[in-house]
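Here, each number is a calculation from the coordinates, and none is a lab measurement. Remember, it's a predicted structure, so these values are computed and weren't measured experimentally.
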Amino acid sequence: MTDMDVTGIGADDRVLSENTVPPSSAAHAMPEVQVVTEEDMELEADFDDVYSDWCDGDGTSGSDSENDDDLTSLSDNIANWAVSFGISIVALTALLSILHVTHPNLPKDGRTLLKTKTHYAIQEKAGGNYHHFGILSSLKTTMSKYAKTLAEGMTLGLQINIDGLPLFKSSTVQLWPILGLLVTIPMKEPVVIGAYCGPKKPSSATEFLSDFVNELQELEAGFCFGDKNLKIELHTSPFYTYPFSSDRMNIFVVNDASDELKSVEVSALRQKCVALPYRDGFVAIPLLH
């Protein structure tokens, strides 16, 4: 009886069978397919746009004679990126420390890169010291984030809050910041527009808020932001919205009201109202006579 009779395969066929890789092995495995979604393509396109701003026209860093210009361009790009995406000074400084290894001429501190002011104009007013950071200056970073969503002639609602807080237990020194928040765009955290510090609360609300009021009046008249004309106005919250909004009856929630007696021009009066305590503020209800 031959090998063919016993095993059912010849000797040559048996050798071939032993050295043949099974179809289920890696040699015959189907190659992995990577699925690319539309979101991945958009992210890659955004990365290409950002990266192209960091390079020359041909994607190279240029010759040695252009190193200074490249460094300036890199610094400007990093600064613009930090402002556009609201990067904190701490995070920006950490990034610069990493880049400093290959770019030793870059500044080590984020404040140096952004040319952040370290000296402030302090005014003596209302019985203490005051510095006005500015409405537009404080909101510029947030507005830059949503620049594409801002329409021509758009009016942005500004909500403010003013409250005092003691700085030390053993002292009467108080800090009174003017906090602002834009309600027209999704702004999560308020910014400091102005800050007062003194042994007690400001002796004159008119003097304390003079810089804020003057700038707000200019912004209410309109200003240019990029290529668009915008306005900023104070926002007042309605007391209720059902069955209709209370602002139709001129009833609003007021975050801050002064109990100081003062005289104003008759032309500046809009209407008389009574302020009733409500939560952390007041409800302003107009008088009918």
Long-range amide H partners of K125, meaning residues 5 or more apart or on another chain whose placed amide H is closer than 5 Å, are Y130
Applied in sequence order to the stretch 200-216, the curve 6.51 cos²θ - 1.76 cosθ + 1.60 (Karplus, θ = phi - 60°) yields integer Hz couplings, x standing for Gly and Pro, of 7, 5, x, 6, 9, 5, 5, 5, 4, 9, 4, 5, 5, 5, 4, 5, 4
Given backbone amide H placed at 1.01 Å from N, residues whose amide H is under 5 Å from that of M154, ignoring those fewer than 5 places away on the same chain, are K231
Interchain or sequence-distant (5+) residues whose placed amide H lies within less than 5 Å of the amide H of C273 are L287
With a ≥ b ≥ c from the Cα gyration tensor eigenvalues, square-rooted, and the rule rounded for a/c under 1.5, otherwise prolate when a/b > b/c and oblate otherwise, the stretch 96-213 is oblate
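List the relative contact order of the stretch 123-286 as a percent without decimals, with contacts defined as Cα pairs under 8 Å and 6+ residues apart.
22
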Everything considered on the Cα gyration tensor (a ≥ b ≥ c; rounded for a/c under 1.5, else prolate if a/b is larger than b/c, else oblate), the stretch 109-165 must be described as oblate
HN-Hα couplings for the stretch 172-189 via Karplus (6.51, -1.76, 1.60; θ = phi - 60°), in whole Hz with x for Gly/Pro, come out as 8, 5, 10, 10, 10, x, 9, 9, x, 9, 7, 9, 7, 10, x, 9, 8, 10
Honestly the stretch 123-286 on the Cα gyration tensor test (a ≥ b ≥ c root eigenvalues; a/c under 1.5 rounded, otherwise a/b vs b/c for prolate or oblate) is just oblate
Pairs over 24 Å Cα to Cα, from K188/K272; K169/K201; K140/K188; K145/K201; K140/K228; K108/K228, come to K188/K272; K145/K201; K108/K228
